[in-house]
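Undergrad: One structure coming up, written as structure tokens, with questions to follow.
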Amino acid sequence: MPSMRDIQRRKTSVSSIGQITKAMKLVSTVKLQKAKTRAEQAKPYFDKMYRTVAHILSRSGQIRHPYLHAGDSQKKCVITITSNRGLAGGYNAGVEKLITESGFAKEDVELVAIGRKGKDFLSRRGYAVRADYSDVINNPMYSDAMQICQDVLSAFAAGEIGEIYVAYTEFKNTVVHTPTLLKLLPVEFSEEEIQAGTEKTHAREAAMNTPMNYEPDEEESLDIIIPKYITSIIFGALTSAVASENGARMQAMDSATSNAEEMIEKLSLQYNRARQSSITQELTEIIAGAEAIS
């Protein structure tokens, strides 16, 4: 059985850890409120951009444009959004699992890493890192998403990569965060997505009975629209990932604090039992010594 001194040291150590996790929970809660507000404010724009592109493509028939067709390269560029810090439960593991279980061959995958945790984990498992934007996740800006978009689009146009994906954690609410792998290029929409993206305008266009017309021509228009669409998706993924990270860290620190409190209660009970046993033993020794003298 551990001595009273050992139990007291353990109790002090656990108490200190509990204070740290409680403080980290409070910090994550404050950050979560800011990130959640930012993600919710930005979401309508990105949803509208998605619906707009789906609507344009659904009304345009068969368009021959580089952004709508896979390139000759077999390389797949995956924009991987994780965190720079740990202690966030399974937040990073969810995104990492998406990539490792995606069915993509390692030699065909090039990562654009946003977040050191994902970069370090995947690089150790043989995935090539094409670019590192880990500092972006600390305070993501629209200009950051625009720079990443320009870099991956340049590689796509040059034939260096044939497909572009983004892997991130979608923020549903404070406790629900869903790892998501989304294909960015070539742009593809299922019939259900196109229907959902255009349901608000179908009735009006049916009455007008007009086709989709481009001014200027369709190629130049898509050269402008598609980069804005991809930039918006990347920035939306960044804001959603930041909110998810802080939500996951808040839950993890809350669980750690609760575990520390339970452990302190058990150690306190164990300490009291050891103390009572020590007192009983001393009394027994005193009584035995007194009886021996008499």
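The values are calculated or read from the model by the stated rules, or taken from the named source; none is laboratory data. These numbers come from a predicted model, not from an experiment. Counting neighbours? That spans all protein chains shown, and the Cβs are built from the backbone with ideal geometry, glycine included.
Undergrad: Are there helices (runs of 4 or more DSSP H) fully within segment 89-194 with at least 2 residues that are more than 22 Å from Ala241 (Cα to Cα) and modelled with pLDDT under 95? List them.
TA: 142-157
Undergrad: Name every residue in segment 111-132 that is of a type outside the set (A, V, I, L, M, F, W, C), at negative phi and either surrounded by fewer than 21 Cβ atoms within 10 Å (Cβ to Cβ) or within 15 Å of the chain's Cα centre (by Cα) (or both), in order of residue number.
TA: Arg116, Lys117, Gly118, Lys119, Asp120, Ser123, Arg124, Arg125, Arg130, Asp132 - these are the residues of segment 111-132 that are of a type outside the set (A, V, I, L, M, F, W, C), at negative phi and either surrounded by fewer than 21 Cβ atoms within 10 Å (Cβ to Cβ) or within 15 Å of the chain's Cα centre (by Cα) (or both).
Undergrad: Confirm whether Ile264 is among the hydrophobic types (A, V, I, L, M, F, W, C) and in contact with a Cys (Cβ under 9 Å, 6 or more places away or on another chain).
TA: Here the answer is no, as Ile264 does not meet what is asked.
Undergrad: Does Leu57 satisfy being surrounded by fewer than 17 Cβ atoms within 10 Å (Cβ to Cβ), under 30 Å from Glu218 (Cβ atoms), touching a residue at least 60 places away in the same chain (Cβ under 8 Å) and out of contact with any helix residue (DSSP H, G or I) (no Cβ under 6 Å at 6 or more places or on another chain)?
TA: Judged against the criteria, Leu57 is not a match.
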